[in-house]
Every structure is written in structure tokens, then in C-alpha cells.
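Some notes on the structure that comes next.
The values are calculated or read from the model by the stated rules, or taken from the named source; none is laboratory data. All of these numbers come straight from a predicted model, not from anything done at the bench. Backbone-built Cβ (ideal geometry, glycine too); neighbour counts: all protein chains shown. Keep in mind that these areas ignore ligands, DNA and RNA; they rest on the heavy atoms of the full protein, side chains included. Shrake-Rupley method; radii C 1.70, N 1.55, O 1.52, S 1.80 Å.
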Amino acid sequence: MSSPCDPAHAPAGDVGAALMMIDSRLKSIHDGKTATDPEQQELIDQFAASLGPGGVDDVLDGACTLIYMFMRWLRMAHEDHGKDVIEYVVPNLVATMRMMPKSVPPETIPTMAGLVIAAGTGLSPSLWRKQYGYWTEDEMTPLEATAFLLAEHINRITEDPDFATRLITEALTRSDEG
């Protein structure tokens, strides 16, 4: 029986825009820039304004697709070692988010953990979240942080600071060719 949260029913969204945001954040952190550059923030704000409401939804769906793809890769990597991805990834993710109270308010952590668990069990994070209503303003930064932390986790596991971005880029290239 198919779940209403099956990824086959989910919109992929604007994965490219979501990946660009995550990759930009990864590069900033690795360059030692922990605060968002005002000029970069202005560009992000202009980009977001240019999207319009439908475009913002597409980027939200794209971020959820990234979370799904990252968790799928992590699930396969953990299963290769006889480990459960939920057991090893979710507690680390939650602990890290708890250390970021300015970016990730404590009340958003259960939703972000739910997205990751949904993805880790093969469900669409986007469709899982939509069953509880529309995204709130308070969830935007935690959503980005969740995708960022998963990408960084993959990069640490592989000891390659660009692996997560390349993983998605190559998947997008293969889908365009197919």
C-alpha cells in the first residue's frame, strides 16, 4: 500500500536554488565567516523577493528534496555498515540544533527531526510536513540549517568538503540526461 507521503507524489521543487543556498552557506563557514555578510544577505533577500510566493514554495520543496536525498545517501552508507541511520544521524543533528538557539528555536527542533526521520524512513519530508499545515516563518532558518547540517555531516564522513554538493549536482545532471 502506498503512503500519501511517498516521494513519488512529492514535488521536487527548485533543488538547484536550495542547493545554491546550502552550498553558499557551507563555503562561508569553511572560509571562517560565521555571520552572514550584509552584501550576501542583501543578495539572498533580493533573490527571495524575485521568486514570488510560488517560487518560495518551490525552494521549500527543493530544500525538502535535498534533505530526502542526503538522508537516502546516509541511509545507504549506514546500512553498508549494519547501522541504523536514524539511530546515528538524528541524535547528532538534534544535539547540534540545540546548540544553535538563535538560528533554530527549540520549538522547531521536533519538526526538523520529524523531517529527517521521515526522509530516513523513505517518506517525502515535504509531504510529511504539509499534513500539519503550511510552513511558518519560524521554520525557514531551521529548515535551511537542517539541510546544511546534513550536507556537512556527509562532507565530514567522506572527508571531502564538496561531496554533498557534488552528490546532488551529479544526480541533477543524470536526471537531465535521462
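Hydrophobic, long helices, defined as DSSP H runs whose alpha-carbon span along the helix axis is 24 Å or greater and whose mean Kyte-Doolittle value is at least 0.0, occur in the chain at 38-79, 140-158.
Test of understanding: given the chain, find the longest segment containing no chymotrypsin sites (Phe, Trp or Tyr not before Pro) that are in a DSSP loop and have at most 14 other Cβ atoms within 10 Å. Walk me through the numbers on the way to the answer.
Values: sites that count: Y132, Y134.
In the chain, the maximal stretch lacking such sites is 1-131.
Considering all alpha-carbon pairs of the range 33-178, what whole percent are spaced by more than 24 angstrom?
34
For n ≥ 4 DSSP H runs only, could you compute -39500 (n - 2.57) per run for the chain, divide by its residues and tell me the 222 nm figure to the nearest 500?
Numbers: 7 runs with 124 residues, N = 178.
Calculated from helices alone, the mean residue ellipticity at 222 nm is -23500 deg cm²/dmol.
With q set to 0.25 Å⁻¹, the log10 of I(q)/I(0) for the range 88-150, from the Debye formula over equal scatterers at the Cα positions, is -1.11. Computed over the chain, relative contact order equals 30 percent, with contacts defined as Cα pairs under 8 Å that lie 6+ residues apart.
For the range 101-178, relative contact order (Cα pairs under 8 Å, six or more residues apart, normalised by length) works out to 26 percent. Averaged per residue, the range 56-113 has 52 square angstrom of accessible surface, using a 1.4 angstrom probe with ligands and nucleic acids left out. Between L149, L51, L123, the residue with the greatest mean-square fluctuation in the GNM of the chain (Cα pairs under 10 Å linked by springs) is L51. The stretch between Y134 and A95 holds 11.5 nm of extra length on full extension. This uses 0.36 nm per residue minus the Cα-Cα distance. Result for the chain in a Gaussian network model with C-alpha springs under 10 Å: among M100, M69, M112, the largest mean-square fluctuation is at M100. Rounded to the nearest whole angstrom, the semi-axes of the ellipsoid equivalent to the range 45-109, taken from the Cα gyration tensor as √(5λ), stand at 29, 18, 7, largest first.
Extending 7 Å from Cα along the Cβ direction at F163 and again at E39 yields two label points whose distance is 3.3 nm. Under a Gaussian network description of the chain, with springs only between Cα atoms under 10 Å, the residue in A77, A18, A147 that fluctuates furthest is A77.
Given a 1.4 angstrom probe, I'd like the percentage of the accessible area of the chain that is carbon and sulfur, rounded to a whole number. It would help to have the intermediate numbers written out before the result.
Values: 5500 of 9800 Å².
In the chain, the share of accessible area belonging to carbon and sulfur is 56 percent.
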